[in-house]
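The structure under discussion appears below in the form of structure tokens.
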Amino acid sequence: MASALLLAALTLPLRAETLVALHENGDEIVRFDVSQGEEWCVLWHHSVKGFEVSDCYQNRDGNMVLVWSHLPDFAAGLDHIPGRGQQISDGQGGYIIKEINEPVPGNAYVLRPGAGFVDHRLVFGDRTVSLSAVAAHERVTITLIGKNVP
């Protein structure tokens with residue numbers, strides 16, 4: 001009996017939320033199934049300095065949580081806010097803010113991807129989708145749809 005229950009539990013699919021990026025009109029740009037604990041990042045190039053910036057999120061029990069950011073320079077407007085995560089050196093003149101652990105209100109946020117070199121990208125596992133290529137200067141909503149979102 002116990003082995004039958006264990007086998008049944010092992011064959012159940014892992015519950016995954018759905019990460020979706022949407023055009024302003026509601027058309028889907030991309031969708032990923034994101035299991036509990038998995039991370040994804042939004043990457044872009046700083047429009048003045050040109051270096052790559054990263055904001056990385058995690059599915060925590062169906063909630064989109066900002067967990068860390070990487071900023072390779074202390075450039076215009078990009079800075080650490082004391083009390084919001086822990087700032088550590090990246091060893092190359094920039095910094096990583098780890099342990100931010102900040103839930104994203106409503107499991108969604110709006111982004112206006114920059115054009116050209118800025119190239120806002122959504123990265124999940126080995127997949128990279130350029131939001132700039134399909135929606136530069138448009139209002140794009142990135143949302144995690146799951147059990148905690150109506």
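The values are calculated or read from the model by the stated rules, or taken from the named source; none is laboratory data. Since the structure is predicted, the reported quantities are computational estimates derived from the model, not experimental observations. Glycine gets a Cβ as well: all are built from the backbone with ideal geometry, and neighbour counts include every protein chain shown. Each accessible area value is taken on the protein alone, full model and side chains, heavy atoms only, with ligands, DNA and RNA left out. Shrake-Rupley method; radii C 1.70, N 1.55, O 1.52, S 1.80 Å.
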Whole-Hz ³J(HN,Hα) from phi, Karplus 6.51 cos²θ - 1.76 cosθ + 1.60, for region 59-65, glycine and proline x: 7, 10, 6, x, 10, 7, 10
Tail fraction, Cα-Cα pairs, region 31-150, threshold 25 Å, whole percent: 23 percent
Surrounding net charge for Phe124, when Lys and Arg each add one and Asp and Glu each subtract one, Cβ distance under 13 Å: -2
In Hz, Karplus ³J(HN,Hα) per residue of region 127-144 (6.51, -1.76, 1.60; θ = phi - 60°; x = Gly, Pro): 9, 10, 10, 7, 6, 5, 5, 10, 8, 4, 6, 8, 7, 10, 9, 10, 9, 9
Local net charge near Cys41, Cβ-Cβ under 14 Å (Lys/Arg +1, Asp/Glu -1): -3
Accessible solvent surface per residue of region 100-150, calculated while the other protein chains remain in place, 1.4 angstrom probe, Å²: 53 Å²
Total formal charge among the other residues, if their Cβ is under 11 angstrom from that of Ile100, Lys/Arg +1 and Asp/Glu -1: -1
Backbone HN-Hα couplings from phi across region 43-54 [Karplus 6.51/-1.76/1.60, Hz, Gly and Pro as x]: 10, 7, 9, 4, 5, 9, 8, x, 6, 7, 10, 10
